[in-house]
Structures are given as structure tokens and as C-alpha cells.
Amino acid sequence: MKRYDLIVVGAGPAGLSAAVEAAKYGLKVVVFDENANPGGQLFKQVHKFFGSKEHKAKIRGFRIGSQLLEEANQFGVEVILNATVAGLFQDKEVTVRINDSIQHYKGDAILIATGAAENMVPFKGWTLPGVIGAGAAQTMMNLHGIVPGQKILMLGSGNVGLVVSYQLLQAGCEVVALVDAASKIGGYGVHAAKLARTGVPFYLSHTIIKAEGTDCVTGVTIGEVNKAWQVIPGTEKHFDVDSICMAVGLSPMAQLLKMAGCVMEDNPKKGGQVPVCNAYGETSIRGVFAAGDVSGVEEASSAMIEGRIAGIAAAEYLGYIDKVTLSDKVGELESALNSLRQGMFALENRGKCIEKTEEGYDVSLHLLQKGYFQEQEVANYPGVTVQRGVHAVIECSQNIPCNPCQDACPKHCIKIGERITSLPVVDENAGCSGCGMCVAACSGQAIFLVNEDYENGYASVTLPYEFLPLPEKGERGWALDRSGSKVCTAEVVKVQTSPAFDCTNLLTIKVPVAMAMKARFFREGSCHAECE
Amino acid sequence: MRNVNDRSRDIGAFVPAEDDELLICRCEEITKGEIRRAVHDGMFTLTEIRRYLRTGMGLCQGQTCSKLVKEIAARELGIVLAELEHAASRVPMRPIEMKVFGNEKEPGKNA
């Protein structure tokens, strides 16, 4: 039996954060993970995170993963990979499968950060090869460099479904439809909008009737559902696809805590069966902690803070720090955690129909049902102004905890204020220089630079562009509107890339002035080919 | 809360449904119809269903189906999800061959 001060199970964002924090106070820490690589889900998150500076906002997930590993290394955290924890016992002993043997370890404190597993929805044909979890698709693409298919239908409009759909497009797949049985999009409107403007159609109040094919998926039939979730006859729609991705929620993997005898609760808002924890993530068994998705499904940013809190609490439990230090350190982290849990997508608002923002602006039903604004709605929001010359147009309409745009603008044109869920306000008097920092900083890709005085009769629109190959200056193609429909021809007049933009390229296209508030995406392709 | 375990409770007769052939537990190849029928055979808890049908006892250890089995059983029993307790969690958490499970080594000796 080998002893440690703290044994952490799971080397994801929560587990690593806890391990780093505990090791900072001198605890001898070991982290077990059943995977061959550390980082949990972080290394497949290629998108920029939300939040504010303290939450590592606008940094891509995999870069946060690298930072965490560096920290773990720096503070002497021992990470043992390919190590499957098979059992957790009340006296804080764990049995671990390493290679072809079982080994016993004992911790004075234990932290379980095993995360969550993907849910599935059964329908006719759901066991055919080609029906996969959205998380699995993301692992294939972003960790192993393999596309799961060419033509894909996504079930689930939460952030996972939206983000993975976008990454599928980036990997060169076609997303034929995004389907959800709910009547409104569950994830962030900005994530939906960046899909919609590439032309991905949304089918809300729809469900999968069957997957077709004998040896593998060759097609799928969906249908509209009524309020009782029954398919309405005659609404069936068929798509040729080779893959169906399911992004229908996650369930905490809390079995280790349950077998150790922790008091559990069944909480649908937290994703299912979770341990009952105090504010420090401590379960009903003293010295046994839980952090991250295993104690309630959220996202990586909050998992990292929960991990840090639990790591500090473990240090206090073992006498490495006193109670005063604990409450000081945890106080700051708790306020960071609380700010992430504010706004329309907060736990207490799940399942609620929110019609107005905190500021009193109408929430666009069109955005929630189709994935994009109607043009006349856009002007309602405080980030959208009409100005002479170049200026930022911020199509941000939901109270989500995110504020990098405010810090990005060197001219202080963009104001969010103390509350990080507030909608960004564009100050018309601050004098936009057109630098584009805000466009690249927006994790939701919701900021555009519009100049209606670009040239006689022509406007320029600068948009965030994260696809390869990158169009070149002088290239002609189509301007697409928010729904992904072609509205006019467009010419690329500028392409900007910069380390400061972190792989978000800025594409400036020239369009007729009347299209300045319509054109939101660019697609290469000659007009001739389209006319034939 | 009603007593879910009250075996004298009348849950009605088993009514065949169109989707009874739907595979729910992929590892052990158990269908929705078999799970529904098990409830009518008197298996009122998830642990009983698991012992009766082996749902969730295959390679994935219920990672995919345990939530689905719970939903099907709760509906058949006419109770809400929260009233149905999860099946017991036991060692080993992941499937492990007996030869490995029985092969205990001192930590760090075979690294």
C-alpha cells in the first residue's frame, strides 16, 4: 500500500486544478487517470472559452490544458496514466488497475473528478455504426485527426451540439441539419448564429424517427413533435447522412462516490445522481471531495474553479493551512464561480422561458428557433449602432457570463461594466479605429466591423473566419446573410491574421451598401458556376 | 413518497408496444420489451432488473443504458424518475479480467 496526502481520480480540468492547488500548499498529491493522456476533455476543446480574464476567457481550451499540465509539473504533482481506479472504500483506500495488476493506494484525503458520460436517445436504428456521441465525434476529430463522417446530422442544440457542429464544419464535414425536440435552442445564441450563417438549418421541435441502413447509417428520418412529444404524421423529413451525432446531455459518473458510501441525491438539474456536497465540494464523508461534472454537469471553466476550491479545502482538512487562509482563498474563487453561474443560462433558469434580458431588451424568438436574428431585430441591441465610418457591430443578445470584448478594445468603445452578464454597449463617441481586436476576442464570433462609407456605393464588413483554406485578398465569392442564404457577390479586400487573434482570422469583404447589415459570412465560389 | 417496493401495488398488465424490439442495453443485447416485461414479472428496482436481465453488466458497465433502463422502468411503474433508486455501485467500477483482478502488486513495482 502506498500513501499520499491527496489522491485525485481524474486528470481533467477539475482534477488537475485541485491537484495543483493542493500541491502548492505542500501536499503530496497523486492523480490517476484511465486514459493514455491527461487533460480530460480540455485538449479537444479547440474553441475559445467564455467568461472573463480570471476564467481564462478567449483562450482556446487546449491551451488552458497545456497551462494546467505545466502547473502540475511545476508543483510536483504525480500524474499516473492508464491507471483505472476500480474501487473507492470508506477508509479512503483506492484500488487501481495498472497494466495487468491491481494496486492499493491510501490517501488522507480523496478527490473524485471523474467527470460525466454522454447520454443517448434510443430510436430505430440507433445501434447502427455511424450513430455516435457528439463528444466522441469531437474526440475523433480534434484528438485523433479523423473525421467521423462526411454528411452529419446533429441531435441536440445545447452548447455541446452547437460547438461540435461548428467544429465538424471546420473539419470539412457537412452538417445537414441540427435537430432538437425542444422548441427553443438550448445553447448560446451566438453559437447557433455562427452555424446558421454558414447555412446549417435548424429543426426545433423535431426528433429522430429512425436511422436508416443495414450495415451502417445511410440516412435518417426526422419528424416534428407536438407538445406531448409525439411525432405529427406528415411532417417526416429525410436526409442522406453517414453519421448521426447525439448531444443530448451528460450524466455524472459518480459510481466511486456511491460505492464509498457518500450520501447521494438524484438531481435532474445537475444531470442525475450526484454526491451531496458542501460549499468546498466535500461529500458526506469527511475528507472525500468531488469537483467538476461528477458533482453536477456544468462546463470546464467552472470545473477548474471547483477543483481549486476542493484542493484548498483538502489542504485545510489535512492541516496544511488554517481556516482563515481557507476562507480567504476560497472567497475569491467563489466569487469567480458565482459570476460564471449568472445570467440566462444559470442553473436556476434552466427550462425557463426568458423573454427579456436583464436590461429589458426582447429576446429574439427567431434566434432561439432558427438560429439567427431577423434583420430588423438586430438594431434593438445596445451593441448595434449606426455610425459614419468603421465601427463595431456586436450581435450579442443574451446575458451570458462573458466580457473579453470590453478588454479587447484599445479605444474603450465597448462597455459591459461590473456585471459580466450584461450586454455589451457600443459607445459611439469613443472613436473606433477598426483594429479588429474585438472581432477576434469574441468567443461567440458575434462582433463584426461595418463601414458603410467604404467606397462609393459600397460598404465593408469585417467578419471572424475560422476555416481553412483562408480566402485570399482579391478573391470573389458570395456574401451570406445570417441564415446562410446568398445575398450578393462579395470581394475579399483584406485578410488579417495575427498571433494576437489566436487563429481567428479577420476577413474584410466589400458588398453593396444595402447589404452592410445583411452580409455576415463569406463563401468562395464563382458566380458562373452558380448560374449554370 | 409512495412505497416503490410495495409488491402488492397494481401496475396493470404488460401491454406489447411497437418499439419493444428496440435494443437498450447494447452490451448484453437486452430490448425495451424485455425490460418492460421484467417490471411486470415483479422486478421493481434497478438492482433487481440488473440481476434478472444483466442490463448494465456488460463491457460498458451501464455507462450508456443505465439512464435509459431507469426511464423505461419508472414509466412502467408509473412513478417519477427520482423515486427509483439507482442500482448499487460496486467494485470493480470498470470491467477487469479476473486474472488481473486477482493479481495484486505493490504500487510502483511494475511501473
> Using helices alone, what [θ] at 222 nm do you get for the protein assembly as shown, with -39,500 (n - 2.57) per DSSP H run of 4 or more residues, divided over all residues and rounded to the nearest 500?
Replying inline: -7000 deg cm²/dmol
> Shielding of A:258-266 by partners, i.e. mean partner chain Cβ atoms within 10 Å per residue?
Replying inline: 3
> What are the ³J(HN,Hα) values, in whole Hz, obtained from phi via the Karplus relation 6.51 cos²θ - 1.76 cosθ + 1.60 with θ = phi - 60°, for each residue of the stretch B:60-76 in sequence order, with x given for Gly and Pro?
Replying inline: 8, 6, x, 4, 8, 9, 4, 5, 5, 4, 4, 5, 5, 5, 4, 5, 5
> Based on the inverse mean of 1/r over its pairs of different Cα atoms, what is the Kirkwood hydrodynamic radius of the stretch B:1-60, in Å?
Replying inline: 12.3
>> List the pairs from A:K151/B:K32; A:K24/A:K56; A:K227/A:K258; A:K44/B:K32 whose alpha-carbon separation is above 25 Å, in the order I gave them.
In response: A:K151/B:K32; A:K227/A:K258; A:K44/B:K32
> Other chains near B:83-91: what is the mean number of their Cβ atoms within 10 Å of each residue's Cβ?
Replying inline: 5
>> If packing is taken as the average count of other Cβ atoms within 10 Å, what order do B:17-27, A:177-187, B:70-80 fall into, highest mean first?
In response: A:177-187, B:70-80, B:17-27
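Using the Cβ atoms and a cut-off under 11 Å, what net charge is assigned to the surroundings of A:K48, where Lys and Arg are +1 and Asp and Glu are -1?
With Lys, Arg at +1 and Asp, Glu at -1, the neighbours total +2.
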> Out of A:Q67, A:M1, A:V85, whose Cα points farthest toward the positive end of the dipole of the stretch A:1-108 (charges: +1 Lys, Arg; -1 Asp, Glu; placed on Cβ)?
Replying inline: A:Q67
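For the stretch A:460-512, what Kirkwood radius comes out of the mean inverse Cα-Cα distance, in Å? Numbers along the way, then the final one.
Numbers: mean 1/r = 0.0877 Å⁻¹.
Across the stretch A:460-512, the inverse of the average 1/r is 11.4 Å.
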> By the gyration tensor of its Cα atoms, with a ≥ b ≥ c the square roots of the eigenvalues, what is the shape of the protein assembly as shown: rounded for a/c under 1.5, prolate for a/b over b/c, or oblate?
Replying inline: oblate
> Once amide H atoms are placed 1.01 Å from N in the peptide plane, what residues at a sequence separation of 5 or more from A:V297, or on another chain, have their amide H within under 5 Å of its amide H?
Replying inline: A:G271
>> How large are Rg and Dmax for the stretch A:380-532 when calculated on the C-alpha trace, in angstrom?
In response: 15.2, 55
> Across peptide B:93-104, how many C-beta atoms of other chains are within 10 Å of each residue C-beta, on average?
Replying inline: 5
>> Just to be sure I understand the curve: with the Debye formula and one point per C-alpha of the stretch A:226-265, what is log10 I(q)/I(0) at q = 0.22, 0.28, 0.33, 0.36 Å⁻¹?
In response: -0.89, -1.03, -1.06, -1.11
> Once the convex hull of the C-alpha atoms of the stretch A:1-83 is built, how many Å³ does it hold per residue, rounded to a whole number?
Replying inline: 80
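Sort A:349-356, A:305-312 by packing, meaning the average of other beta carbons within 10 Å per residue, with the highest value first.
Top to bottom by mean Cβ count within 10 Å: A:305-312, A:349-356.
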> Hey, could you pull the Cα Rg and Dmax for the stretch A:39-91, both in Å?
Replying inline: 14.5, 42
> If we sort A:161-169, B:7-15 on the protection proxy, mean other Cβ atoms within 10 Å, highest first, what's the order?
Replying inline: A:161-169, B:7-15
> Excluding A:L449 itself, what net charge comes from residues whose Cβ is under 14 Å from its Cβ, given Lys and Arg +1 and Asp and Glu -1?
Replying inline: +2
>> If the rule is a partner Cβ under 4.7 Å, which cysteines in chain B fail it?
In response: B:C27, B:C60
>> I need the semi-axes of the equivalent ellipsoid of the stretch A:108-263: take the C-alpha gyration tensor, multiply each eigenvalue by 5, square-root it, list largest first in whole angstrom.
In response: 28, 19, 17
>> Could you compute how much accessible area chains A and B hide from each other, both sides summed, with a 1.4 Å probe? Nearest 100 Å² is fine.
In response: 2900
> Could you name the aspartates and glutamates in cross-link range of A:K329, using Cα to Cα under 12 Å and dropping any fewer than eight places away on the same chain?
Replying inline: A:E21, A:E316
> What list of whole percents do you get for P(r) of chain B, with Cα-Cα distances grouped in 5 Å bins up to the one holding the largest distance?
Replying inline: 2, 11, 21, 21, 15, 10, 6, 5, 4, 3, 1, 1
>> Quick one: 3J(HN,Hα) in Hz for the stretch B:80-94, Karplus 6.51/-1.76/1.60 with θ = phi - 60°, rounded, Gly and Pro as x.
In response: 7, 3, 5, 6, 9, 6, 4, 5, 4, 9, 9, 6, x, 5, 10
> Of A:K194/A:K486; A:K48/A:K194; A:K184/A:K352; A:K184/A:K518; A:K28/A:K92, which sit over 18 Å apart, Cα to Cα?
Replying inline: A:K184/A:K518
> Whole-Hz Karplus ³J(HN,Hα) for the stretch A:139-145, in order, using 6.51 cos²θ - 1.76 cosθ + 1.60 and θ = phi - 60°, x for Gly and Pro?
Replying inline: 4, 4, 5, 8, 9, 10, x
>> Give me, ordered by chain and number, the residues 5 or more places off A:A490 or on other chains with an amide H under 5 Å from its own placed amide H.
In response: A:G477, A:W478, A:A479
>> Let me cross-check A:H191: its accessible surface, 1.4 Å probe, with only protein heavy atoms counted, in Å² to the nearest 10?
In response: 0
> the stretch A:225-284: which trypsin sites (Lys or Arg not before Pro) are DSSP loop and have at most 14 other beta-carbon atoms within 10 angstrom?
Replying inline: A:K227
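Using r as the Cβ-Cβ distance of A:W229 and A:D266, and R0 as 22 Å, what FRET efficiency do you calculate, to the nearest 0.05?
Working from the Cβ atoms, E equals 0.50.
The values are calculated or read from the model by the stated rules, or taken from the named source; none is laboratory data. Only a predicted model underlies this, so the values are computations on that prediction, with no experimental measurement involved. Ideal geometry is used to build each Cβ from the backbone, glycine not excepted, and the neighbour counts take in all protein chains shown. Protein only, heavy atoms only, side chains kept; ligands, DNA and RNA dropped before computing areas. Shrake-Rupley method; radii C 1.70, N 1.55, O 1.52, S 1.80 Å.
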